[in-house]
Amino acid sequence: MLQVAINGYGTIGKRVADAVREQPDMEVLGVAKTRPNFEAETAIQKGYPLYAAIEERADQFAEAGLEIAGQVEELVDEADVVVDATPSGIGAQNKELYEEYDTPALYQGGEDADVADVSFNARSNFSEAVDADHVRVVSCNTTGLSRVVAPLREAYGVEKVRATLVRRGGDPGQTSRGPINDILPNPVTVPSHHGPDVNTIFPDLDIDTLGMKVPATLMHMHSLNVTLEEDVDDTEVRELLADESRLFLIPEALAIDGSGKLKEYALDAGRPRGDLWENCIWEESISTVGRDLYLFQGIHQESDVVPENVDAIRAVTGLADAEESTTTTDDALGIGL
Ligand code: NAD
């Protein structure tokens with residue numbers, strides 16, 4: 001069994017830990033946190049050995065009645081691979097630690113692309129990460145865009161992508177981001193940085209993105225216009241996208257009119273934390289006008305990168321190829337609504 005360490009046990013880290021635990025070929029060696037809080041307590045309740053990320057603060061765990069298994073250095077030393085899920089910029093600072101113990105590391109989308117040898121999306125460029133020492137799993141938005149662009153490029157060729165990203169102001173637990181009551185062009189400069197991030201996956205893709213932030217916490221919403229290299233009709237594109245395991249085409253009959261009902265649907269379906277690992281594309285929004293394709297998709301920012309992290313673990317350790325890994329991940333998590 002592959003031994004996986006998770007450094008940073010917040011929104012992404014705790015989900016990756018639970019997803020790793022569900023896999024048949026890997027297990028959670030331990031998780032590291034900087035300070036005790038409800039997530040540290042939950043980690044212990046779930047049976048994840050808890051390590052102190054900052055030595056000087058280690059005593060705080062004992063004072064809070066939480067037993068730690070050791071320091072993060074020991075965890076990194078013993079692990080086959082470490083998933084860094086610390087806040088943006090901290091991953092780059094931690095790189096030295098992973099290099100010191102010669103442990104392959106995954107970073108998250110908040111890090112600059114140059115932190116890693118390769119930026120990763122399982123559907124698009126799994127093989128580029130095979131045996132790499134440092135891999136960045138791209139952001140929730142880039143993951144969502146890459147998953148749609150990959151099959152379109154293969155089937156029809158893509159001349160140009162234009163995407164408007166209506167982004168949630170903060171995650172549900174991110175009280176530091178609020179209260180908010182506004183609609184912000186964000187970033188106000190156009191095109192936004194999201195397009196160049198998609199270019200870390202598809203270097204030759206012509207893509208312009210615009211970003212906004214709205215007072216919502218549940219999900220992002222993308223309005224997408226893709227100019228294809230040939231004329232296609234909507235039915236054909238719907239069939240193409242429906243074949244992708246990580247794209248959920250929301251049937252009109254479900255009467256899901258937005259991210260609120262989508263999250264409710266995920267909770268009703270028994271999804272942990274109401275997570276939606278798939279892009280959620282409104283089926284009736286998939287429309288073509290000549291070579292122009294339009295669609296709306298909801299992206300659950302807290303969870304769409306989780307299966308990607310699991311696949312990236314298999315890529316860097318050479319445990320499986322793209323197809324075997326994604327199938328195993330999807331089966332273990334129950335992906336495919
Ligand atoms: P978070 O704040 O919810 O969790 C980060 C965790 O790391 C916290 O528990 C924090 O205490 C801990 N931490 C801080 N400094 C640390 C250190 N030096 N060592 C170990 N742990 C430390 O953040 P998050 O939302 O999970 O984001 C993590 C990364 O994932 C970022 O790069 C972010 O951009 C990316 N990401 C976030 C989302 C999202 O919507 N939340 C989506 C995709 C990618």
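Short-range pairs are left out: with C-alpha atoms under 8 Å and at least six residues apart, the relative contact order of the range 21-168 is 14 percent.
3J(HN,Hα) along the range 284-291, derived from phi through the Karplus expression 6.51 cos²θ - 1.76 cosθ + 1.60 where θ = phi - 60°, amounts to 6, 7, 6, 9, 10, 10, x, 8 Hz, with x in place of Gly and Pro. Working from Cα pairs under 8 Å separated by at least six residues, relative contact order for the chain is 17 percent. On the principal axes of its alpha carbon atoms, the range 43-92 extends 30, 22, 18 Å, with the longest extent given first. According to the Cα-based calculation, Rg over Rh for the range 11-82 is 0.95, with Rh computed by the Kirkwood formula.
Amide H to amide H distances under 5 Å link Gly211 with Leu165, Asn186, Ser192, where only residues 5 or more positions off or on other chains count and H is placed in the peptide plane.
With each label modelled as a point 7 angstrom along the Cα→C-beta vector, the Glu154-Asp292 pair spans 2.8 nm. GNM remark for the chain: springs join alpha carbons under 10 Å apart, and the peak mean-square fluctuation among His220, His300, His193 falls on His193. In terms of overall dimensions, the range 20-126 has a Cα radius of gyration and Dmax of 14.6, 46 angstrom. Given +1 at the Cβ of Lys and Arg, -1 at the Cβ of Asp and Glu and no other charges, the dipole of the chain around its Cα centre is 1380 debye to the nearest 20.
Take the range 16-65 with all the other protein chains still there, run a 1.4 Å probe, and you get 49 Å² of accessible area per residue. For Met26, the residues whose amide H sits under 5 Å from its own are Leu2, ignoring neighbours fewer than 5 places away on the same chain, with H placed 1.01 Å from N. Diffusion coefficient (Stokes-Einstein, Kirkwood radius over C-alpha pairs, 37 °C, 0.692 mPa s) for the range 186-269: 207 µm²/s, rounded to a whole number.
Here the Karplus curve 6.51 cos²θ - 1.76 cosθ + 1.60, taken at θ = phi - 60°, turns the phi angles of the range 136-143 into couplings of 9, 7, 5, 4, 4, 5, 5, 4 Hz, with x standing for Gly and Pro. This model, with +1 at the C-beta of Lys and Arg and -1 at the C-beta of Asp and Glu, gives the range 37-175 a dipole about its Cα centre of some 1460 debye. Taking 0.36 nm per residue of separation and subtracting the current Cα-Cα distance, fully stretching the chain between Asp321 and Asp102 would add 76.6 nm.
Ranking Asn181, Ile281, Ala216 by how far each Cα lies toward the positive end of the dipole of the chain (charges on Cβ) leaves Asn181 at the top. Annotation for Phe38 and Asp331: the two label points, set 7 Å from Cα along the Cα-Cβ direction, are 3.6 nm apart.
Of Leu240, Leu50, Leu276, which is the most mobile in a GNM of the chain whose springs link Cα atoms less than 10 angstrom apart? The residue that fluctuates most here is Leu240. The angle separating the long axis of helix 90-100 from the principal Cα axis of greatest extent in the chain is about 60 degrees.
Based on the convex hull around the alpha carbon atoms, the range 140-299 presents an average projected area of 9.7 nm². Couplings for the range 74-89, taken from phi via the Karplus curve 6.51 cos²θ - 1.76 cosθ + 1.60 with θ = phi - 60°, read 5, 4, 5, 4, 7, 7, 7, 7, 10, 9, 8, 10, 8, x, 3, x Hz in order; Gly and Pro are left as x. Two numbers describe the Cα atoms of the chain: Rg and Dmax, which are 19.8, 65 Å.
DSSP assigns beta bridges within the range 140-299; of those with both partners inside it, close to 65 percent run antiparallel.
Restricting the calculation to Cα atoms, the range 225-337 shows an Rg/Rh of 1.01 when the hydrodynamic-style radius is the Kirkwood one.
The values are calculated or read from the model by the stated rules, or taken from the named source; none is laboratory data. Given the structure is predicted, the values throughout are model-derived calculations rather than measurements. Virtual Cβ from ideal backbone geometry, glycine too; neighbours counted across all protein chains shown. Heavy atoms of the whole protein, side chains included, go into the accessibility calculation; ligands, DNA and RNA do not. Shrake-Rupley method; radii C 1.70, N 1.55, O 1.52, S 1.80 Å.
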